[in-house]
Amino acid sequence: MMNIPLSSPDITELEISYVTQVLRTPNLSLGPKLVEFEARMAQFIGVKHAVAVNSGTSALHLIIRALEIKDGDEVITTPFSFISSANCMLFERAKPVFVDIEPLTLNIDVTRIEEKITGKTRAILAVDVFGYPVEWNRLEQIAKEHHLKLIEDSCEALGAEYQGKKLGTFGEAAAFAFYPNKQMTTGEGGIIVTNNEEIAKLCRSMRNQGRGDSDEWLEHQRLGYNYRISDINCALGIAQLERIEELLAKREQVAQMYNMRLKDWTEARIPFSSPEVKRSWFVYVVTLADRYSQENRDNVLQELRRRGIGCSNYFTPIHLQPFYVEMFGFKKGDFPVTEHVSERTIALPFYNNLSEDEIDFVVRSLKEIVSNLRR
Ligand SMILES: *Cc1c(COP(=O)(O)O)cnc(C)c1O
């Protein structure tokens, strides 16, 4: 029986050695590895400031707080994403205003944003879904014209580029995440990157219980949280960042192996690509052809799993999550493109050390399972 997981981190002796080195020091938190990790990440992205925290969700929450988005404010975003990209507004009682997606890139449809802007709109939070860059230029224009803040949720897109510029450099601030299924991992972790010194300062304070610059441990200048990331996690991040080009190249290679085997298959669409942008591969998601139903897709997932192949239905639309339905009264049909796509997606096993034989097995199984559906 095959056992091919959906994702798996790429950890070598370098990571193990960096982590164990930290354990031989007394500096397990707020130590030199935090400072080093932040400096290296800022350099990699090409921004002035980086503030590391304990998750991507925390990073998004602190950006929302730093921009003073609050009760009653509206933030425009996508319903086709991981739930944190909308939850981060709910934490502050702001309202996510969803705009449907564009069917090829699966990102927010920028041509439909302006019709959703009201007097309460404060910001646009855009997500680079599955590592494919949103049209950041267009978003910057819209944000500027309507005096809105622009927030980047690039948690799935570390290393991606839009018009030759790295993601994380657009808008007021960006968030990246380092859960073990992301392009690089710190175990758990996230980071805020920005060129805005004030935002960086606020985030640094809020991640550490609202402490200020003074050395007074029990002086709290503002409402804060414990969103600190340990130096153990940062050491892991430093090792991964030293290998980042290798990590990204391996993912590209695995994606191309899938592409080669699936590009002429008429039963499903492979991830969109365009010479104008550089995707960073987070997951490998195919979309079954329109003639298939959600039930067909669910049967494919079940059968793949029965054969020992990890897979998932990335994503269930956020507006149809039970508590969003309850809070806002969303219903099926509200965002038809998102719903149509999310009923048909299949995320296949995707990680750096996936072998060519395993890819062959996954593709062969997928094709066989789908062709059995037609009988
Ligand atoms: C992974 C991810 C996050 C952050 O996730 P954490 O588990 O909190 O690190 C945020 N937004 C998107 C779109 C993500 O994929």
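Please treat every number below as a calculation from the coordinates, not as lab data. Remember, predicted model here, so these are calculated numbers, not experimental data. In this analysis, Cβ positions are derived from the backbone assuming ideal geometry, glycine residues included, and neighbour counts consider all displayed protein chains.
Counting Lys +1, Arg +1, Asp -1, Glu -1, what net charge surrounds Pro5 among other residues with beta carbon under 12 Å of its beta carbon? Write out the running numbers ahead of the final one.
Working: positive: Arg305; negative: Glu358.
Neighbour charge sum, excluding Pro5 itself: 0.
Show that you can apply the helix-only estimate: for the chain, add -39,500 (n - 2.57) for every DSSP H stretch of four or more residues, divide by all residues, and state [θ] at 222 nm to the nearest 500. Numbers along the way, then the final one.
Working: 12 runs with 140 residues, N = 375.
Helix contribution divided over all residues of the chain: -11500 deg cm²/dmol.
Please give the charge dipole size of the chain, origin at the Cα centre, charges +1 on K and R Cβ atoms and -1 on D and E Cβ atoms. Round to the nearest 20 debye.
Details: 44 positive and 52 negative charges, 97 e Å.
Magnitude of the dipole: close to 460 debye.
Straight Cα distances below 24 angstrom link Lys116 to the lysines Lys70, Lys95, Lys144, Lys149, Lys331, Lys332, with same-chain residues fewer than 8 positions distant left out.
Please order Leu158, Leu67 by the number of other Cβ within 10 Å, starting at the fewest. Numbers along the way, then the final one.
Working: Leu158 28, Leu67 23.
Result, fewest neighbours first: Leu67, Leu158.
From least to most packed, judged by other beta carbons within 10 angstrom and beginning with the fewest, Trp265, Trp217, Trp136 follow the order Trp217, Trp265, Trp136. Modelled label positions at Glu245 and Glu114, each set 7 Å beyond Cα in the direction of Cβ, lie 4.2 nm from each other. Relative to the dominant Cα principal axis of the chain, helix 294-306 is inclined by about 90°. Over the chain, one equal point on each Cα, no solvent: what is log10 I(q)/I(0) by the Debye formula at q = 0.06, 0.15 Å⁻¹? Log10 I(q)/I(0), no solvent term: -0.23, -1.37. Excluding same-chain neighbours fewer than eight residues apart, the aspartates and glutamates reachable from Lys263 by a Cα-Cα span under 15 Å are Asp360.
Computed from the Cβ-Cβ distance with R0 of 41 Å, the FRET efficiency linking Asn137 to Thr25 stands at 0.35. Placing +1 on each Lys and Arg Cβ and -1 on each Asp and Glu Cβ, with no other charges, gives segment 327-375 a dipole about its Cα centre of roughly 380 debye.
Could you tell me the relative contact order of the chain? Use alpha-carbon pairs under 8 Å, at least six residues apart, and round to a whole percent.
The normalised contact order for the chain reaches 23 percent.
The charge dipole of segment 44-163, taken about its Cα centre with unit charges on the Cβ of Lys, Arg, Asp and Glu (plus for the first two, minus for the last two), comes to roughly 420 debye. With contacts taken as Cα pairs under 8 Å at a separation of at least 6 residues, segment 53-158 carries a relative contact order of 26 percent.
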